[in-house]
């Protein structure tokens, strides 16, 4: 049946998501139109298509054991020179994101994988651009601020056109089940991650 490339992330809600995506496009990042604004929990990972049901069950179980937590984005930083990325910083909620991604990538599970770099939650706003564009992104978004409560996460699949498409949303809480694409993320609080 072949393989698919999956990613799991926390969606940055509106109006922040569209705003940051437009900014990323404006800095010259040609891939921005196909990448919804997000905080990565599982980076692009190739899996057998046959493994999708196990992946979806695992993600539903992870979401079931979590409850909403506050998140605040504030200011910018960069991974340069180690990696050509400028990002908006997670100023509050970093521990919750780290715990969540550890559960998603749990050893022995269907999403287990090693990371190239230690996990550091962030929102990419410029990637693989020249230094002038990277500096501009870091400078122009330095005063960016956003606050919301994370109520779940989402599974995305990358198409042959390199566009990431929403496959399922996983609201936090004990009544969680995989919710078809385009569904809401409203659920009552559940136990902590």
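Here the stretch 31-49 is the region considered, the condition is being crowded, with 21+ Cβ neighbours inside 10 Å and in contact (Cβ under 8 Å) with a residue 24 or more places away in the chain, and the residue that is nearest to residue 116 (Cα to Cα) is 42. Please go through the stretch 67-89 and pick out each residue that is under 13 Å from residue 149 (Cα atoms) and either in contact with a strand residue (DSSP E or B) (Cβ under 8 Å, 6 or more places away or on another chain) or without any contact (Cβ under 8 Å) to a residue 40 or more places away in the chain (or both). Within the stretch 67-89, 68, 69, 70, 71, 72, 73 qualify. Number of residues in the stretch 17-28 that are within 14 Å of the chain's Cα centre (by Cα) and touching a residue at least 60 places away in the same chain (Cβ under 8 Å): the value is 1. Within the stretch 114-133, the set of residues being surrounded by fewer than 19 Cβ atoms within 10 Å (Cβ to Cβ) and outside any loop (DSSP other than H, G, I, E, B) comprises 131, 132, 133.
Of all residues in the stretch 128-142, none that is on the phi > 0 side of the Ramachandran plot and modelled with pLDDT under 95 has its Cβ atom under 6 Å from the Cβ atom of a residue that is assigned to a loop (DSSP other than H, G, I, E, B) and surrounded by 16 or more Cβ atoms within 10 Å (Cβ to Cβ), 6 or more apart or on another chain. Close contacts from the stretch 50-64, counting a first residue that is in contact (Cβ under 8 Å) with a residue 24 or more places away in the chain and a second that is buried (at least 18 other Cβ atoms within 10 Å of the Cβ) and assigned to a helix (DSSP H, G or I), with Cβ to Cβ under 6 Å and a gap of 6+ residues or different chains, come to 62/103; 62/104. A single entry from 138, 101 fulfils the requirement of being part of a helix (DSSP H, G or I), under 23 Å from residue 59 (Cα atoms) and touching a strand residue (DSSP E or B) at 6+ places or on another chain (Cβ under 6 Å): 101.
One residue alone among 109, 96 is surrounded by 15 or more Cβ atoms within 10 Å (Cβ to Cβ), out of contact with any strand residue (DSSP E or B) (no Cβ under 9 Å at 6 or more places or on another chain) and touching a residue at least 24 places away in the same chain (Cβ under 8 Å), and that residue is 109.
Within the stretch 162-193, can you find the residues that are surrounded by fewer than 16 Cβ atoms within 10 Å (Cβ to Cβ), touching a helix residue (DSSP H, G or I) at 6+ places or on another chain (Cβ under 8 Å) and modelled with pLDDT of 95 or more? Result: 163, single match.
If the condition is being over 30 Å from residue 142 (Cα atoms) and in a strand (DSSP E or B), then the stretch 44-78 contributes 45, 46, 47, 48.
The values are calculated or read from the model by the stated rules, or taken from the named source; none is laboratory data. In this text the structure is predicted, and so the values were computed from the model without any measurement. Here Cβ is always computed from backbone atoms with ideal geometry, including for glycine, and neighbour counts include all displayed protein chains.
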